[in-house]
1. Please tell me if Glu185 is within 21 Å of Asp21 (Cα to Cα), modelled with pLDDT under 95 and more than 16 Å from the chain's Cα centre (by Cα).
2. Which of the residues spanning segment 107-135 are within 25 Å of Asp21 (Cβ to Cβ) and either in a helix (DSSP H, G or I) or touching a Leu at 6+ places or on another chain (Cβ under 6 Å) (or both)?
3. Do we find that Thr67 is in contact with an Asp or Glu (Cβ under 7 Å, 6 or more places away or on another chain) and more than 24 Å from Thr180 (Cβ to Cβ) in this structure?
4. Considering only residues that are among the small types (Gly, Ala, Ser) and part of a helix (DSSP H, G or I), which ones fall in segment 15-33?
5. Applying the selection to segment 8-29, what residues are over 18 Å from Leu114 (Cβ atoms) and touching a strand residue (DSSP E or B) at 6+ places or on another chain (Cβ under 9 Å)?
6. Which condition breaks for Lys61 when tested against (1) touching a residue at least 40 places away in the same chain (Cβ under 8 Å); (2) farther than 19 Å from Ser147 by Cα; (3) part of a strand (DSSP E or B)?
7. Which one of the conditions (1) assigned to a loop (DSSP other than H, G, I, E, B); (2) surrounded by 14 or more Cβ atoms within 10 Å (Cβ to Cβ); (3) not aromatic (Phe, Trp, Tyr) does Gly104 fail to meet, given that it meets all the rest?
Amino acid sequence: MLENRDYTLIIDKSGSMSTKDQAGGRSRWDVMQESTLALASKCEKFDPDGITIYTFSTRFKRYENVTANKVNQIFEENEPLGRTEMADVLRDAFQNYFHRRELGQIKPNGETMLVVTDGQPDNRKSVITTIVEATQRMDKDEELAISFIQIGNDSEATAFLKLLDDQLENVGAKFDIVDTITIQEIEEEDLSLKEVLLKAIQD
C-alpha cells in the first residue's frame, strides 16, 4: 500500500512553532525541519518523484516534487509567523488531488496527507466542513488518508484533533479518513515513519 501512492506534507508555520519547548532547547520549527528531511528521504523510496509540501499560517504556499535535497531551502524561505489558517490549505490540497484524479494523474493507491501542527485551527468549523466535503467526493475508503501529527502539548489542539479522528462520520463524512497521533506518542511507542504512514492509511 505504501508504494504507488502520493505523499503530501502540510506544515504549520504559525508563530507558536517558534516555541522552544523541544528536547535540547530546540524550537518546534527546528524539530519540524529535521522531521521533514527524514520524511522526504523515506518517501523518496516509495515516491521517487518527490512529495508535495505545503507551509501554512495566515497564508499557504505549495512546493511540488520535493526531494530530500530541497528541504533545507524550503525552511530557509519560511519562518514561524501568523495564525493557524488550516482550512484554506486543506481545501487546496484536496482540490489538487481531485483535479489530478480527473486528469488520470494520481497513483494507483491514492494519496496520504500528513498535517503537522502545534495548535488548533482558527476556524474549526471550516476545517471540519472541508474534510467532510472531500470524503463525499471519494470513490473508495483507501484513496485518501490524512494523518494529523501534533507537536507540542496544547490540550485544546489535542481535543480538536481527536474529534476529527472519532466524530466526522457523525457529521456526514462518507469515510473515516482521519488519524491523529502526537509527537510524544510516536516517541513513546518508538514508531518508525513507515509505521506512522501505514497507520494513517489503514486506520
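The values are calculated or read from the model by the stated rules, or taken from the named source; none is laboratory data. On a predicted model such as this, the values are computed, not experimentally measured, just so you know. Counting neighbours? That spans all protein chains shown, and the Cβs are built from the backbone with ideal geometry, glycine included.
1. Yes: the conditions hold for Glu185.
2. Within segment 107-135, Leu114, Arg124, Val127 meet the criteria.
3. Numbers: in contact with an Asp or Glu (Cβ under 7 Å, 6 or more places away or on another chain): yes; more than 24 Å from Thr180 (Cβ to Cβ): yes.
Spelling it out, Thr67 is indeed in contact with an Asp or Glu (Cβ under 7 Å, 6 or more places away or on another chain) and more than 24 Å from Thr180 (Cβ to Cβ).
4. Gly15, Ser16, Ser18, Ala23, Gly24, Gly25
5. Taking segment 8-29 as the starting set, the residues that turn out to be over 18 Å from Leu114 (Cβ atoms) are 15-16, 18-27.
Hit for segment 8-29 is Lys20, nothing else.
6. Result: Lys61 fails condition (1) only.
7. Exception for Gly104: condition (2).
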